[in-house]
1. Sequence neighbours fewer than 8 away in the same chain don't count; with that in mind, list the lysines whose C-alpha is under 20 Å from LYS56.
2. Please report the net charge: other residues with Cβ closer than 14 Å to the Cβ of ARG11, K and R +1, D and E -1.
Amino acid sequence: MTKAGVLGLTRYLATYYAGKKPARECANTGGVFNDHDQAFAQAYSARTVLGRMAEKNEMNGALLFLASDASAYMTGGT
């Protein structure tokens, strides 16, 4: 429910502030491994599409893209 709320808020803000800088985007990640207990990480990973938790730096490329002019025509995306 939380992710749906974040997506809805992002789309609302993108529409409300259309044409103004900065654009409204969101990065809606799953679990990011941060020295979690091995049992927790395995149980969590077993329920994900990729079968693992994200590493700390795996969102860097997407975030850099969203922060750059390359995404100038995007707004309200996840």
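Every number here is computed from the coordinates shown, using simple stated rules; none is lab data. This is a predicted model, so every value here is computed, not measured. Glycine gets a Cβ as well: all are built from the backbone with ideal geometry, and neighbour counts include every protein chain shown.
1. LYS3
2. Working: positive: LYS3, ARG24; negative: GLU25.
Here the charged neighbours net out to +1.
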